[in-house]
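Working notes for the structure below.
The values are calculated or read from the model by the stated rules, or taken from the named source; none is laboratory data. Keep in mind the model is a prediction, meaning the values are calculated, not measured. Reconstructed Cβ throughout: ideal geometry from the backbone, glycine too, with neighbour counts over all protein chains shown. Accessible surface is based on the protein model in full, side chains and every heavy atom, while ligands, DNA and RNA are left aside. Shrake-Rupley method; radii C 1.70, N 1.55, O 1.52, S 1.80 Å.
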Amino acid sequence: MSRINAARIDIKRACCAIAFSIVTGTALAGQSSAPATPVDWVNTFIGTGGEGAEYGGTMPLVTTPFGMTNWTAQTRQNRISVSSYEYHDSYIHGFIGTHQPAIWMGDFGYVTLMPEISDGINYAPEARRLAFSHQDEISTPYYYAVTMHDAAAHPVRAEITATDHAGYLRFTYPRGVTAKVLIEATRPGIEGFVRIDASRNEIIGYNPDRMDAHLGPLKLPNFKGYFVVRFKQPFTEAKVYEGTLTWPDKQEVKGDNVGAFASFDTSRNTEVDVQVGTSFISIEQARANLDAEMPSWNFDALRDALKATWNRKLGIAIIEGASDDQRRIFYTGLYHALLYPRLMSEQGRYYSAFDDKVHNGTSYTAYSIWDIFRAENSLLTIFAPERIDGMVQALLQDYQEGGWMPKWPNPSYTNIMIGTHADSLVAEAINKGFKGFDYQLAYQAVYKDAMTPPDGDTTRRWFDREPHTPYEARAGLTYAEKLGYIPADKISEAASSTQEESYDDYAVAQVAKAVGKMDDYRFFMHRSSNYRNLFNPTRGFMQARNSDGSWASPDDGWTEGDQWVYLFAALHDVPGVVKLLGGPQAASAKLDAHFNGGHNRHDNEPSHHYGYLYDYAGEPWKTQARVREIAKDAYSNTISGILGNEDCGQMSAWYVFTAMGFYPLNPASGEYVIGSPLFTHVSLNLPNGKRFEISAPDNSAQNIYIQSATLNGKPLDSPVISYAQIEAGGTLNFVMGPKPSRWAADWHPQALL
């Protein structure tokens, strides 16, 4: 989101590949040259480097799938638009338990630790930093290690593994030095708390920082990120600090820029083991999380257990016929996709960032909904179906506690991006048969999205990231109900919102149908055609309109796109757009112009379905060629191997789906359109115990075109399969060849209305 074009050139990509080849070997140090398990193929450095601010924005995170707190080396002070780790940096100044989900979002309730060996006490990042080389770095989803050096070349080694709510750090110092561990509770400008509890060999505290607090309407006075730092070895001395002052005689301090130091004798034992429990409920809950998840001091056992956890999840997909680079991209993509949304609950309770209270139940946050409703969420329905009911229920709890389902909770309302695409997540779950949440409550939530304008709707322009606004919901809905579109002279991003909210109306209609409200179903299905009110037949494009009905400038009203990117934004009614353009032949010509004219922006989500649109224009062989081209050009096994920002798994989800051969163009429908599989074979060992096989034995870099297809031995003549067919198990077989064929060319679905 909010990004500029991050197109790569061959020279840059070659340089990144050379640098990354070193990292790839180092990241797998101690393992065989041919990785033996799926997690061994993950390269956590993909997306951690690039040009300027426009890169993947990923971090080499050690965490569980959907873990509440992620752990990484900190090479820079993270903030909105800056991640904790950037590959080109050469110093580490901390190891952070972070909750920052994406580069354009802020962190909240984080805690940082740093080993130190100097005689003084260094709390500022530039004073405590230690140099490191990527050759001395090991990074996997379950284990991170690095050896750092001070100016005198003294080596300090740090290792990390993790559980859902806790991190285990092991520091190894040179023998005989005064070893210290810094615990940074808050940074300058943030008031926090820290206390030394020598009887427990612990340092405890909290950090109330919420970098996105200026976005959205809620103050949340009770919000805090709590921590309990527990040491295995008794510390010889501990001090608290505040600002630039240390307080030798105090055991606790509350104030601006606070933290603590613990010192250790390394004359006999050079290792210091540290376990860090985190919580958003209380210090007591952080300690309970730590007791439950790390009941003993066994770093290696925890590391091995986390490796097994990742292998169980990543091993749902077993691929054959992929190059080493493709395997790394694929399994790294799955790793990225299985990080979000993240847990917000702790042992059956959760702090709500929507009413500032603690509740019983399960909760999640970090839904980048404008991004992930397209493919990431759909991928989770296949790879983590056991989580879907809880994730939808979390959105409904947010509705009950804050009044609305959120657009982009981090962890509260942020008003980032447009539309109410939580409607899509609810509808997709219902259409795929998930039943572990209250359908009636779900309809209340989506109905409010569709029918209730936000406070001050006609007195605001609703600019992107406008601070301290009420919850935005569907900005301009007051006008849309009268005009059939959102006017560009009244509301920011009006053209994009009109089209995306037409899709949301389709999603609301699906929920209405599920609860038996057929009049509402017909109403919202009819309103889902409002996108057509922006079609200018003279120009052959969608175009914003003003409140008097006149056409606005073709450049007005868009968000992170333009008239090309938003021409086919009606995901629910692509046949309707094809009809507006004059039929399949005209639509195909427009798509040719889109791609050949350089208008496809795969670095941003509104373009993600474009390669698949030829399926609807009677030329599926062009889809097969385009998606192969995009997969090759937009993804690589390099530090800049994600074109644009990762956006909580959406960029990677596109690749994973494309590699398997299909994509959720209309995610709420429960259907997938077919592209061109990248590998000869994919086995999906589904969590329900069934197996779904995608077989393309003649597949190659040359044989990219589907000649024929069968599903469970029966001819498949349309480029569509369903979630139900995948979940039932079976075999999807493709016969591939080097030349286009007319397979599925006669499939012409009808417009919705």
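Tabulated results
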read-out: Candidate set: the stretch 450-466, residues that are out of contact with any Leu (no Cβ under 9 Å at 6 or more places or on another chain) and either β-branched (Val, Ile, Thr) or within 21 Å of residue 533 (Cβ to Cβ) (or both); chosen: the one most open to solvent (accessible area, probe 1.4 Å); value: 459
read-out: Residue 228 vs. criteria closer than 19 Å to residue 71 by Cα, at pLDDT 95 or above and either in a loop (DSSP other than H, G, I, E, B) or of a type in the set (Val, Ile, Thr) (or both); value: yes
read-out: Any chance residue 494 is under 20 Å from residue 550 (Cα atoms), modelled with pLDDT of 95 or more and touching a strand residue (DSSP E or B) at 6+ places or on another chain (Cβ under 7 Å); value: no
read-out: Failed item, numbered, when residue 538 is tested on (1) assigned to a loop (DSSP other than H, G, I, E, B); (2) touching a residue at least 24 places away in the same chain (Cβ under 8 Å); (3) hydroxyl-bearing (Ser, Thr, Tyr); value: (2)
read-out: Strands (runs of 3 or more DSSP E) completely within the stretch 646-700 that count 1 or more residues being closer than 18 Å to residue 376 by Cβ and open to solvent by less than 10 Å² (accessible area, probe 1.4 Å); value: 671-674, 681-685
read-out: In the stretch 467-486, residue nearest to residue 499 (Cα to Cα) [restricted to those that are surrounded by fewer than 16 Cβ atoms within 10 Å (Cβ to Cβ) and not basic (Lys, Arg)]; value: 481
read-out: Members of the stretch 590-607 that are in contact with a helix residue (DSSP H, G or I) (Cβ under 9 Å, 6 or more places away or on another chain) and over 15 Å from residue 569 (Cβ atoms); value: 592, 595, 602, 603
read-out: Selection count where residues are crowded, with 18+ Cβ neighbours inside 10 Å and on the phi > 0 side of the Ramachandran plot, scope the stretch 348-374; value: 1
read-out: Exclusive hit being in contact with a strand residue (DSSP E or B) (Cβ under 8 Å, 6 or more places away or on another chain), open to solvent by 20 Å² or more (accessible area, probe 1.4 Å), of a type outside the set (Val, Ile, Thr) and within 16 Å of residue 39 (Cα to Cα), set 287, 303; value: 303
read-out: Criterion (open to solvent by 10 Å² or more (accessible area, probe 1.4 Å), small (Gly, Ala, Ser) and either in a strand (DSSP E or B) or at pLDDT 95 or above (or both)) met by exactly one of 131, 153, 127; value: 131
read-out: Number of the condition not met by residue 523 [criteria: (1) on the phi < 0 side of the Ramachandran plot; (2) without any contact (Cβ under 8 Å) to a residue 60 or more places away in the chain; (3) out of contact with any Gly (no Cβ under 7 Å at 6 or more places or on another chain); (4) buried (at least 20 other Cβ atoms within 10 Å of the Cβ)]; value: (4)
read-out: Single unsatisfied condition, residue 36 versus (1) under 23 Å from residue 162 (Cβ atoms); (2) in contact (Cβ under 8 Å) with a residue 12 or more places away in the chain; (3) among the hydrophobic types (A, V, I, L, M, F, W, C); value: (2)
read-out: The stretch 50-102, subset of a type in the set (Ser, Thr, Tyr), in a loop (DSSP other than H, G, I, E, B) and in contact (Cβ under 8 Å) with a residue 60 or more places away in the chain, residue farthest from residue 641 (Cα to Cα); value: 69
